[in-house]
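Nothing in this text is a laboratory measurement; each read-out follows from the coordinates by a stated rule. Keep in mind the model is a prediction, meaning the values are calculated, not measured. Cβ coordinates were reconstructed from backbone atoms using ideal geometry, including for glycine residues, and neighbour counts include every protein chain displayed.
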């Protein structure tokens with residue numbers, strides 16, 4: 001039976017910090033061999049995403065152009081990934097003739113609520129949210145829906161009854177977790193201990209964890225998983241120290257899995273200083289910095305998400321909602337995210353420009369939009 005342990009991130013200082021399991025011992029015991037047929041199954045899950053991306057998410061044409069003067073508000077909480085997606089959306093908005101503008105929100109509940117309250121007062125034609133938990137702005141969500149203002153929400157996993165359109169919702173993020181688990185099983189001959197570093201502040205954390213744990217439970221019941229919280233406010237500063245402290249407290253860890261590779265910013269240097277070499281780093285949603293680490297062989301593999309295509313898909317979705325067009329099933333079901341496993345040899349492009357599975361994304365959407 002699979003042993004599951006949970007370690008919660010604390011707000012205490014890092015000096016002398018040892019993140020411990022909620023129950024049981026950190027000792028994994030003797031590793032057992034992973035059966036050949038199990039590895040074969042894991043490889044069958046992983047292979048469709050190696051060396052090529054998943055299918056392009058949108059194939060149906062936009063039925064009519066958006067009205068002149070259309071305005072869309074984007075909620076930007078300052079997180080690097082959220083801000084990046086806003087920048088990637090701008091060419092798509094320009095192509096559609098949409099005025100896309102950002103409303104700044106902090107990471108606190110009050111800052112988020114204030115930002116959404118501002119948007120309610122502005123009454124744009126649509127709103128785009130990225131990874132900010134709808135529970136934090138529930139009253140404003142109700143007000144926007146009452147005003148018949150469509151909401152496209154990226155990276156959230158709210159129930160359909162909440163009235164949000166989530167192109168990359170629970171289905172896409174559970175797939176992320178399953179793929180990361182399958183990659184570890186496919187690339188290890190024996191059972192192992194893995195740690196999943198997640199951020200509860202990002203709404204899709206539970207979906208990634210569910211996918212990762214359920215797939216690993218099925219493929220490798222002798223493997224061990226710890227789930228450790230990394231506060232989102234520590235990304236880019238304290239996160240590497242927290243991760244190193246956790247790994248030192250759990251020396252049997254062989255797989256490091258990231259909900260978002262942004263948390264790994266600055267980590268390779270810290271791992272080197274700490275002498276932590278015998279670990280596999282399985283990232284996801286890499287930023288340009290993470291892609292450079294991968295190119296330099298400072299990480300093992302990244303589950304790349306084509307954020308550029310996601311940004312254009314979000315604008316396409318908002319446009320269809322504004323003109324009253326029915327959405328494609330995969331968009332409506334939250335499974336319109338393009339994934340691809342990236343190894344060091346796959347970084348043949350400029351990492352500073354990010355990962356793009358479909359470099360011709362603009363041309364593809366222009367054709368769909370009759371531009």
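Take the chain, connect every pair of alpha-carbon atoms lying under 10 Å apart with a spring to form a Gaussian network, then pick out the residue of 156, 265, 309 with the largest mean-square fluctuation. Looking only at 156, 265, 309, the biggest GNM fluctuation is shown by 265. From least to most packed, judged by other beta carbons within 10 angstrom and beginning with the fewest, 45, 85 follow the order 45, 85.
Every helix of 4 or more DSSP H residues in the chain counts as -39500 (n - 2.57), and over all residues that averages to -11500 deg cm²/dmol at 222 nm.
Which order results if 199, 250, 339 are arranged by neighbouring Cβ count within 10 Å, fewest first?
On the way: 199 25, 250 22, 339 19.
By the 10 Å Cβ count, ascending: 339, 250, 199.
How large is Rg over Rh for the stretch 135-257, taking Rg from the Cα atoms and Rh as the Kirkwood inverse mean of 1/r across Cα pairs? The partial results should precede the final answer.
Values: Rg = 17.3 Å, Rh = 16.2 Å.
Rounded to two decimals, Rg over Rh is 1.07.
Between the alpha-carbon centres of the stretch 158-218 and the stretch 259-281 there is a gap of 20 Å. Listed from fewest to most Cβ neighbours within 10 Å, the set 70, 118, 313, 348 follows the order 348, 118, 70, 313.
Given 0.36 nm per residue, what is the gain on full extension from residue 59 to residue 190 after removing their alpha carbon distance, in nm?
Details: separation 131, 0.36 × 131 = 47.16 nm, distance 4.21 nm.
So the chain would gain 43.0 nm between residue 59 and residue 190.
Taking Kirkwood radius over Cα pairs in Å as calculated from this structure, the corresponding entry among [x] 22.1; [y] 22.8; [z] 21.2 is [z].
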